[in-house]
Every structure is written in C-alpha cells, then in structure tokens.
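Below is one structure; the comments refer to it alone.
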Amino acid sequence: MVIGLGAMGSSTLRELAHRGVAALGIERFTPGHAHGSSHGGSRVVRCAYFEHPDYVPLLTRSIALWHRLESARGRRLLHRTGILLAGKPGSQVVRGSVSSARIHGLAHEVLNAQMVNERFPMFALPPMFEAMLEPETGYVRPEWAVEDSVADAREHGATVMDRTTVTAIHARSDGVTIETDRGEFIADRAVVTVGPWCERLVPWPKAPVCVSRQVIAWLDPEDPSACAEGVLPTFCIDAQEGFLYGCPIAVDQPAPAGMKVAWHIIGETVDPDGPIVPPIASEGESIAQAVARYIPGCRGRVTSMRTCLYSNSPDGHFLIGSWGDSGRVTAASGFSGHGFKFMPVLGEALADLAMKGSTRLPIGFLSPSRLG
Ligand SMILES: Cc1cc2nc3c(=O)[nH]c(=O)nc-3n(C[C@H](O)[C@H](O)[C@H](O)COP(=O)(O)OP(=O)(O)OC[C@H]3O[C@@H](n4cnc5c(N)ncnc54)[C@H](O)[C@@H]3O)c2cc1C
C-alpha cells in the first residue's frame, strides 16, 4: 500500500507495479493537484549538488529514470536548458556545486560575472559574483510527472483510490491496518509519502518536519525573447537578498503564462490544512525587483502568483527510513524544498525498502537516525 500519491508516492506506486506487486495507492485529492508540494509547472533539476556530494549518484540515476517515464507515457517532462548557478563572492551554492561536479566528474564550466553577462546578455551580475554552468540539467514538469506516473502504475496493474484520506496507521508484526474516511484496509506493508502531512501520520519525534508557505510568481517580461527556452538557461542566484531561482518560458508551458521565478527560503511556518494565506503584492514585488536587478533583460510585471508548501527537516536533508517497530512501514518526508528532482530514483529506493527492507541505492545518509 502506498499512502499519498504526490511526487514520491506516485513514483513508488509505479515502481511497485512494474515489479508485479499488487499495490494499492491512496490519495487524499487527485493526482497532480495543487494542495501539497508538487505543483507550479516546473521544478529545477540540478546534478552538481551543493547541498552534499552524496546526492549526486542518486541524481545521475534519477535523470536516467526521468527518460524512462517520458518514454513510457510519450510526454516530455525534463527540459535540458542548462543551469546557471551564480552567487555572491564565496557563495556556498556556487562553490559546493563546483566541488560536487569535480568529485563526480560532471560536465560544468566555471564562469566569472563578466563571462556570464557576455554569454547571457539578459544578466547583469555584479562584478565579484561567481558562477557555474551545468549544461546537462534544467527543469521538469511536476504535475505531468505525477499524473504520468500514476497513469503508468495503473496501466501496470496498480489500483488507485483518490479522494480518500488515511486517518490512522496501525502497524503490527503480522500486517498493517490503514484507517481511511472510506473504510479500513489491511496491507502487508505500507509506504507513507504524505509530504507536508507527514507529522499527522508518521511523526519521527527526533526528526520533526516543519511545513512552510512558499510563494511562486510569474512575470510578463518586457522582452519575452530574452526569457525564451534556448536563450535563457534555468537559473539559481545566491544573492545578498536571498536565493532566487527561475525557469525560461517554453512553448509547451502549462498556465500560468510568463517566466516563473521564486525565492528559495525557509518560509513562514503553516498548518498544511490551512488556511494558507494567498500571496500578497509585496511578495511578488520583491521577486520582480530581484529579477530587475540581476537579470534586467527579463524584467517584467508579476501577472500570477501561487503558494506551495515545503516540508523542512531539521538539517535540510531528506528523511527516508522505516517507521515504528514493526519493520512494515517505510516513510519518506522532509524534502526541504529540493526533493522533486529525485522523484524517480526515490520511487525505486522506496519500493526496495518496502519489499526487501533494504536498497542498494546509496540513501543511508538520509536515514532519520542521523538526528538521534
Ligand atoms: C514552491 C516550491 C518549489 C520547489 N522547487 C523545487 C525545485 O526546483 N527542485 C526540486 O527538486 N524540488 C523542489 N521543490 C520540492 C519538491 O517539490 C518536493 O520536495 C516534493 O514535491 C515533495 O514530494 P512529496 O511526495 O513528499 O509531497 P507531495 O507531492 O505534496 O505529496 C504528498 C501527497 O500525499 C497526499 N496526502 C497527504 N495526506 C494524506 C492522507 N492522510 N491520506 C491520503 N493522501 C494524503 C497529498 O494529497 C499529496 O498528494 C519545491 C517545492 C515547492 C513547494
């Protein structure tokens, strides 16, 4: 049984179905919805990981698996636009990415501000800024990825119950009882991937997850040609004001139209069941001002904004492991605003953990036991 069919759950369900397991997936809303962490049209996919080089082997596997999902459903998900990572002098975002790229032999180019501003004339990085270009990465479409994963899981024999909320999980030595608002189910094993709602069902007392509100904005650029895919790379800028990221405008972009940009910040703590305060004008204005300062060729007016939820672990690293004493429940949470790109590989890892209790994928560093 897989509980929660967002990014990680849909991928786990698909993997189990491909392995011939009679799996049931339960989802509170419908796949691809906009109430959790997996909506907004795009998610940055980086490989030279500044957060920790141990993520890189998982990412190289994940990128290969993104292609398998694309071929299975015939829909493009991963856009290889290249990623420009830029930052203030000494930026850990840039230096950590360069270090990860060197350790793992990933294609990359180290650039200074002048080189960036000449090569990508929409940018106006301050003279002392450092940068790195990662040519093989870009961004992925989150709603389509979840929808396609669930559809493929169904096609391979999985059963999906949507609009069903799990209210309690009781793990015993001989099975797992799952209570829902549509009755009770008995499963051999359960994988719990409920994102921002993990504290409701599978709290790890020593690894509490804090849910925060994030704001995403879409700008209507004065010069759309400067923001088009193929011209503008996906970008992350570790500026004095914060960590700004965004994606170019693609021809197949789902609504809303425009260039998507946001701050990657811890954010204000919220209850995932809301009410979540809608974005306010000043939040969009701060994003538009940062674009005007660092990427003036893409400046524009904010035309749409949305909120989304981060599930922050205490140290910003994912939490993946067994939950409770039975060994029958596996949980994954605390993706801290950077988990989506791992969706395919973590589906594989979670399916391994559910079926065998272990995985050959190098996820040991993500065990919640690291926190005590
Ligand atoms: C604004 C924003 C920008 C981001 N940018 C990036 C990025 O650029 N790159 C990147 O890699 N990552 C990014 N992330 C992070 C990434 O999107 C998340 O790490 C990822 O989506 C988490 O997936 P999840 O499966 O844990 O949660 P979700 O996808 O939210 O899935 C949880 C699912 O569980 C369901 N559920 C909850 N409770 C129950 C219940 N009781 N019963 C049944 N179902 C239930 C929910 O309805 C939901 O479908 C970003 C996140 C946000 C919010």
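The values are calculated or read from the model by the stated rules, or taken from the named source; none is laboratory data. Computed from a prediction, not measured in an experiment: that's the story for all the values here. Neighbour counts are summed over all protein chains in view; Cβ atoms, including those assigned to glycine, are modelled from backbone coordinates with ideal geometry. Ligands, DNA and RNA are excluded from the accessible area calculation, which covers all protein heavy atoms including side chains. Shrake-Rupley method; radii C 1.70, N 1.55, O 1.52, S 1.80 Å.
Would you point out which residue out of Asp162, Asp174, Asp152 is within 11 Å of the ligand (Cβ to nearest atom) and on the phi < 0 side of the Ramachandran plot?
Asp162
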Residues within the range 52-84 that are open to solvent by 40 Å² or more (accessible area, probe 1.4 Å) and part of a loop (DSSP other than H, G, I, E, B), tallied: 5
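Confirm whether Arg95 is more than 25 Å from Ala239 (Cα to Cα), open to solvent by 40 Å² or more (accessible area, probe 1.4 Å) and not β-branched (Val, Ile, Thr).
Working: more than 25 Å from Ala239 (Cα to Cα): no; open to solvent by 40 Å² or more (accessible area, probe 1.4 Å): yes; not β-branched (Val, Ile, Thr): yes.
So Arg95 fails the test.
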Those residues of the range 206-240 which are over 23 Å from the mean Cα position of the chain (by Cα), in a helix (DSSP H, G or I) and touching a residue at least 60 places away in the same chain (Cβ under 8 Å), in sequence order: Ala226
Selection within the range 1-17 - outside any loop (DSSP other than H, G, I, E, B) and more than 7 Å from the ligand (Cβ to nearest atom): Val2, Ser10, Ser11, Thr12, Leu13, Arg14, Glu15, Leu16, Ala17
Lone unmet requirement of (1) touching a Ser or Thr at 6+ places or on another chain (Cβ under 9 Å); (2) closer than 21 Å to Gly337 by Cβ; (3) at pLDDT 95 or above for Ile3: (2)
Qualifying residue in the range 224-236 (condition: within 16 Å of the ligand (Cβ to nearest atom), among the hydroxyl-bearing types (Ser, Thr, Tyr) and closer than 30 Å to Gly321 by Cα): no
Filter result (open to solvent by less than 50 Å² (accessible area, probe 1.4 Å) and within 18 Å of Pro142 (Cβ to Cβ)) within the range 16-29: Gly25, Glu27
Qualifying residue in the range 73-91 (condition: outside the structural domain of Asp271 (by TED's automatic domain parsing), more than 10 Å from the ligand (Cβ to nearest atom) and without any contact (Cβ under 8 Å) to a residue 24 or more places away in the chain): yes
Elements of type strands (runs of 3 or more DSSP E) contained in the range 272-372, each with 2 or more residues being open to solvent by 30 Å² or more (accessible area, probe 1.4 Å), under 29 Å from Val215 (Cβ atoms) and within 16 Å of the ligand (Cβ to nearest atom): 300-312
Residue identified as farther than 14 Å from Thr137 by Cβ and over 16 Å from the mean Cα position of the chain (by Cα) among Ser91, Ser38: Ser91
Scan of the range 18-54 for residues that are charged (D, E, K, R) and more than 11 Å from the ligand (Cβ to nearest atom), ordered by number: Arg19, Asp54
